[in-house]
Amino acid sequence: MGEVVPAPWGGHLVTSFELCDRLLRDRQWLVPDGAWRARQGEATRWSADSSREMSKTLPGLNPPEHTRVRRAAGNMFDRRSLEDIRLSVAEVTEGLLDRLVDRLTADGEADFGELVSEELPVIVIGRWLGLPSADYPRLRELTHDQVFAQELLPSASQLALSDAATAELREYFTDLVRQRRRAPGDDPVSGWIRVWDGIEPDRGAADEAVYHLSLFVLLAALETTSTLLSTAVRLLLEHPGQWARLRAAPERVPAAVEEALRYDAPTHVVSRVASRDTTVAGVEVREDEMVHLMVGAANRDPAHHLDPEVFDVGRRATHLSFSGGIHYCLGAPLARLEATTLLEALLRRLPDLRLVRAPEWAPRVAFRRMLTLPVTTRP
Ligand code: HEM
């Protein structure tokens with residue numbers, strides 16, 4: 001329908017790779033921050049508690065505040081930190097696959113989503129943040145509800161779920177920051193407290209900043225990564241020729257992960273607002289108007305990718321699935337590590353894995369979520 005298409009609910013949809021990429025990097029396009037949300041009025045979704053809370057986290061901030069908070073967050077998953085996490089990811093993955101194998105042996109089939117994809121990200125990030133494992137199931141549930149505040153067009157009941165989840169998560173993470181301030185350790189939350197104490201004289205404001213960062217890291221790390229794990233496995237099992245290629249050449253696994261990210265991004269839409277009246281590909285966009293960058297479409301743009309509808313682990317896939325510009329995903333190295341570790345282990349341990357039937361999806365638009373992924377090793 002074109003590169004810039006009016007959205008039926010207002011604003012515009014941007015579909016080409018080149019334009020989405022350019023807008024993400026262009027500083028005149030802003031994220032919908034707290035001031036923008038307040039201007040939309042009390043009766044809109046933007047004034048929901050969950051939405052207000054999100055506007056105080058990294059993807060809801062614009063420079064100069066964004067620059068300050070992002071600098072304080074640091075490079076969470078640089079090469080050295082990732083080396084420390086690598087062993088833990090490998091160990092957790094093997095344990096989850098042990099359980100999967102047991103279930104496959106006992107029942108003949110198993111839900112890969114429930115047993116593996118939903119588990120790996122919460123265990124990895126929970127251990128990294130130093131959270132008690134007993135809390136993981138509740139945190140995962142709350143994340144699923146909270147994400148509605150970030151959906152494209154959430155209903156009133158979805159926003160109510162998100163508000164309730166946000167309130168519970170606020171209590172959880174405020175308490176966590178309080179505990180770590182009392183008894184600091186060698187963990188990221190204690191590290192962020194030290195950093196913020198150095199730049200923010202008001203201790204209450206420093207704790208609030210650390211709370212928002214910890215909260216967002218959990219929210220950002222769970223569903224997205226679970227979806228990537230399930231999507232990569234589903235795509236490979238649906239394309240047995242590609243699975244066979246990987247079995248023959250496991251060194252291609254990182255390329256396969258990038259192709260899965262391109263072919264079906266966990267987050268299909270990223271939104272920006274215009275900081276002033278402007279034109280995009282000849283279409284007028286007024287100050288404060290929203291554009292939805294359709295990442296899922298951009299990743300299959302025939303002007304950018306050869307045979308975009310073909311899932312091909314041999315290609316050097318480029319994509320916008322981790323966004324771009326100053327908001328580029330801070331957790332991309334961790335998500336990639338989890339996905340490559342899992343696929344390598346699967347190729348080694350369960351080379352005969354097959355889909356039993358098509359997966360079920362939650363009715364979402366922006367944040368994809370697979371509900372079930374039934375697999376078997378039976379012929
Ligand atoms: C496959 C998994 C993941 C996907 C697809 C993904 C996607 C994204 C996207 C699209 C954004 C930018 C939103 C925007 O531009 O408005 C983003 C930002 C972010 N992500 Fe991820 N993410 C993933 C995993 C993770 C993980 C594992 C973590 C942390 C452990 C994480 C932490 C963050 C943070 C902190 C930001 C905010 C960056 C900023 O605004 O400056 N993400 N992610």
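Given springs between every Cα pair under 10 Å in a Gaussian network model of the chain, which of GLU208, GLU119, GLU91 has the largest fluctuation?
Looking only at GLU208, GLU119, GLU91, the largest GNM fluctuation is found for GLU91.
With charges set only on the Cβ (+1 for Lys and Arg, -1 for Asp and Glu), what does the dipole of the chain come to about its Cα centre, in debye to the nearest 20?
560 debye
Suppose we flag chymotrypsin sites (Phe, Trp or Tyr not before Pro) only when DSSP calls them loop and at most 15 other Cβ atoms lie within 10 Å. Which is the longest uninterrupted stretch of the chain?
10-327
Do any trypsin sites (Lys or Arg not before Pro) in the range 301-353 lie in a loop, going by DSSP, with at most 13 other beta-carbon atoms within 10 Å of their beta carbon, and if so which?
Sparse-neighbourhood loop trypsin sites (Lys or Arg not before Pro): ARG316.
How many Å² of accessible area per residue for the chain, probe 1.4 Å?
For the chain, the per-residue accessible area is 45 Å².
Would you work out which of ALA249, HIS12, SER275 lies farthest towards the positive end of the dipole of the chain? Charges go on Cβ: Lys and Arg +1, Asp and Glu -1.
ALA249
Among GLU118, GLU94, GLU309, determine the one that fluctuates most according to a GNM of the chain built with springs between C-alpha atoms less than 10 Å apart.
Highest fluctuation among the options: GLU309.
In whole percent, and with a 1.4 Å probe on the protein chains, what portion of the accessible area of the chain is carbon and sulfur?
53 percent
If I model a spin label as a point 7 Å beyond the Cα along the Cα-Cβ vector, how far apart are those points for ARG39 and ARG378 in nm?
Using points 7 Å along Cα→Cβ, the separation is 6.0 nm.
Taking H placed 1.01 Å from N in the peptide plane, check which residues at least 5 places from VAL280 or on another chain put their amide H under 5 Å from its amide H.
Amide H neighbours of VAL280: VAL285.
Quickly work out the HIS239-to-ARG138 label distance, labels modelled 7 Å from Cα along the C-beta direction, and quote it in nm with one decimal.
4.2 nm
Provide the gained length on full extension for the span SER155 to ARG247, in nm with one decimal, where the gain is 0.36 nm per separating residue minus the Cα-Cα distance.
28.7 nm
Which helices count as membrane-span-like in the chain under these terms: full DSSP H, at least 24 Å along the axis by C-alpha, Kyte-Doolittle mean of -0.5 or more?
Correct list, ordered by number: 79-107, 203-221, 332-349.
Identify which of ASP135, ASP107, ASP312 has the largest mean-square fluctuation in a Gaussian network model of the chain, with springs joining Cα atoms closer than 10 Å.
Result: ASP107 has the largest fluctuation of those listed.
Can you run phi through the Karplus equation (6.51, -1.76, 1.60; θ = phi - 60°) for the range 303-320 and list ³J(HN,Hα) in whole Hz, with x for Gly and Pro?
The phi angles translate into 6, 10, 10, 6, 6, x, 7, 8, 7, 9, 6, x, 7, 8, 6, 10, 7, 10 Hz.
Using a cut-off of under 14 Å, list every residue of the range 106-138 whose amide N is near the label point 7 Å from the Cα of GLU168 along the Cα-to-beta-carbon line.
It comes to 135-138, nothing else.
Round to the nearest 0.05 the FRET efficiency obtained for GLU284 and ARG79 when R0 = 45 Å and r is the Cβ-Cβ distance.
0.50
Within the range 1-110, which trypsin sites (Lys or Arg not before Pro) sit in a loop by DSSP and count at most 15 neighbouring Cβ atoms inside 10 Å?
Passing both the DSSP loop test and the Cβ count: ARG27.
Taking the Cβ-Cβ separation of GLU114 and VAL365 as r and a Förster radius of 22 Å, what is the calculated FRET efficiency to the nearest 0.05?
That pair, GLU114 with VAL365, gives E of 0.40.
The values are calculated or read from the model by the stated rules, or taken from the named source; none is laboratory data. Because the structure is a prediction, the values reported are computed rather than measured. All Cβ positions, glycine included, derive from the backbone under ideal geometry; neighbour counts span all protein chains shown. The accessibility values were calculated without ligands, DNA or RNA, using every heavy atom of the protein model including side chains. Shrake-Rupley method; radii C 1.70, N 1.55, O 1.52, S 1.80 Å.
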